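> One structure is given below, represented as structure tokens, and several questions about it will come after.
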Amino acid sequence: MQYLAMQTNDIRTNLATEQYLLNSGKIKPPFMLFYIEKPCIIVGRNQNTMEEIDPIYCQENGVTVTRRLSGGGAVYQDLGNLCYSFVVPAEKQQFGDFSSILQPIVDVLHDMGATGAQVNGRNDIIIDNKKFSGNAMYTKNGISFCHGTLMFDVDTSAVASALRVPQDKIESKGIKSVRSRVTNIKPYLKPAYQNLDAFGFRDELIKKLLKVDTLEQAQAFAFNLDETDKKEIEKITQELYSNWDWVYGKSPEFSVQRRQKFVGGTIDARYVVENGKITVAKIYGDFFGAKAVNDLETALIGVVYDADTIAKALADFDLSAYFSGIEPNDVIDLLSKQK
């Protein structure tokens, strides 16, 4: 299996690299990507960016904000965090099955001393009931990638300051603060790994995943970007991940909000209704789905704002493809709810 250890610490360039390699065919799946970023927040494809971040804190502290292609929730990263992506043929990976694709990471962590690490819930890896890894999945053109974070030595006080976590997410876990929900994995590792930084941790992870003894041996599996690759990656960076419209969008003043937390994630629907019809529809949330919700939003424009008409507009869609793990009838009930 080939791998690429990113040489840049800019989340926007690294996400663009991931997208480029996914679509260009320059490297054949399965392969692995590893990257470490300067302070940043990455919001999920379906989220309302301004509701997920503290914009003043981010501006004052140089925190880069961008949006990824996959679903799920917002995450904070800094140079103490390691990101990874597993890219595999979609036919060999069930969408939303995080347990199987994350097991190699968990096995390595066990070997390094963190024997209590385990996949929990939809997409987290936890230890002592605290989260240190969040993961998201994206599928396109027969290829799936699962990318995730490993909090190795992250400034957890910055996590609490930079992110705005909805109260229902905190209450549903019976925990009082953002900081108490997360932890770093470094303290749980064997003494031999306590002097590592995130870059050294990455190298150990690469060696163990490839089952080699040295980085020199691992280099036999390394993929290197050429100048053509770098130019294409920069183009994607500017057109998407550094683009204000992609990251923030032109959010209208919503007059109607329908929000509910399900086992498969939270759905937050916003409508502007004029003259009895929906003129703006936005669907946010930390849910996962193989298809983008833009299709549903478009289908709702011009629809009369009543339960039966909204339900009828959604009836022809396979809603399980947009909201993985959430019953279609529950989705329709929420999106058509009048009170």
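The values are calculated or read from the model by the stated rules, or taken from the named source; none is laboratory data. This one's a predicted model, so the numbers in the text were calculated from it and none came from an experiment. All Cβ positions, glycine included, derive from the backbone under ideal geometry; neighbour counts span all protein chains shown. Heads up: the accessible areas ignore ligands, DNA and RNA and are worked out on the full protein's heavy atoms, side chains in. Shrake-Rupley method; radii C 1.70, N 1.55, O 1.52, S 1.80 Å.
> Among Q19, Q118, Q59, which one shows the biggest mean-square fluctuation in a GNM of the chain, springs joining Cα atoms closer than 10 Å?
Result for the chain, Cα springs under 10 Å: Q59 fluctuates most.
> Based solely on its DSSP helices, what 222 nm [θ] is calculated for the chain when runs of n ≥ 4 H residues each add -39,500 (n - 2.57) and the sum is averaged over all residues, nearest 500 deg cm²/dmol?
One gets -8500 deg cm²/dmol as the mean residue ellipticity at 222 nm.
> As an exercise, find the ratio Rg/Rh for the stretch 235-288 from alpha-carbon atoms, using the Kirkwood inverse-distance average for Rh.
A ratio of 1.10.
> Note down the Stokes-Einstein diffusion coefficient of the chain in µm²/s, whole number, using a Kirkwood radius over alpha carbon pairs, 10 °C, and 1.306 mPa s.
Answer, rounded: 76 µm²/s.
> Around G72, with a cut-off of 9 angstrom between Cβ atoms, what is the net charge of the other residues, counting Lys and Arg +1 and Asp and Glu -1?
Summing Lys/Arg as +1 and Asp/Glu as -1 gives +2.
> Can you compute the FRET efficiency between A220 and R259 using 1/(1 + (r/R0)^6), with r the Cβ-Cβ distance and R0 = 41 Å? Round to the nearest 0.05.
0.25
> Still on this structure, I have one more. Could you do me a favour and compute the accessible area per residue for the stretch 272-338, 1.4 Å probe, result in Å²?
Normalised by residue count, the accessible surface of the stretch 272-338 is 47 Å².
> Going by Cα centres, the stretch 305-339 and the stretch 9-79 are how many Å apart?
For the stretch 305-339 versus the stretch 9-79, the Cα centre distance is 30 Å.
> Along the positive direction of the dipole of the stretch 180-339 (beta-carbon charges: Lys, Arg +1; Asp, Glu -1; about the Cα centre), which of A321, L334, I278 reaches farthest?
Sorting the options by dipole projection puts first L334.
> Compute the acute angle (0 to 90°) between the alpha-carbon long axis of helix 11-24 and the principal axis of greatest extent of the alpha-carbon atoms of the chain; round to the nearest 10°.
With rounding to tens, the tilt is 90 degrees.
> Which value, to two decimals, describes the C-alpha radius of gyration of the stretch 7-166 once divided by 2.2 N^0.38 Å?
Working it through for the stretch 7-166, the quotient is 1.01.
> For the stretch 112-152, take N as its residue count and report Rg(C-alpha) divided by 2.2 N^0.38 Å.
Normalised Cα radius of gyration, the stretch 112-152: 1.36.
> Would you mind getting the accessible area per residue of the stretch 57-108, heavy atoms of the protein chains only, 1.4 Å probe, in Å²?
Accessible area per residue, the stretch 57-108: 37 Å².
> Let me ask you something else. How large is the Kirkwood hydrodynamic radius of the stretch 189-303, counting all unique pairs of alpha carbons, in Å?
In the stretch 189-303 this quantity evaluates to 19.3 Å.
> Now a separate question. Just report the Cα centroid separation between the stretch 84-125 and the stretch 188-214, whole Å.
Each part reduced to its Cα centre gives a spacing of 17 Å.
> Could you tell me what percent of the accessible area of the chain is made up of carbon and sulfur, with a 1.4 Å probe and every protein chain present?
Looking at the chain in its full context, I get 47 percent from C and S.
> Most mobile of T115, T13, T237 per a Gaussian network model of the chain (Cα springs, under 10 Å)?
Evaluated over the chain, the most mobile residue of the options is T115.
> Please list, ordered by chain and number, the residues whose modelled amide H lies under 5 Å from the amide H of R164; skip anything fewer than 5 residues away on the same chain.
Residues meeting the amide H criterion: I53, D54.
> What's the Kirkwood radius of the stretch 62-116 in Å, using all Cα pairs?
14.1
> Still on this structure: Can you give the FRET efficiency to the nearest 0.05 for A90 and K207, using r as the Cβ-Cβ distance and R₀ = 35 Å?
So, using R0 = 35 Å, E works out to roughly 0.80.
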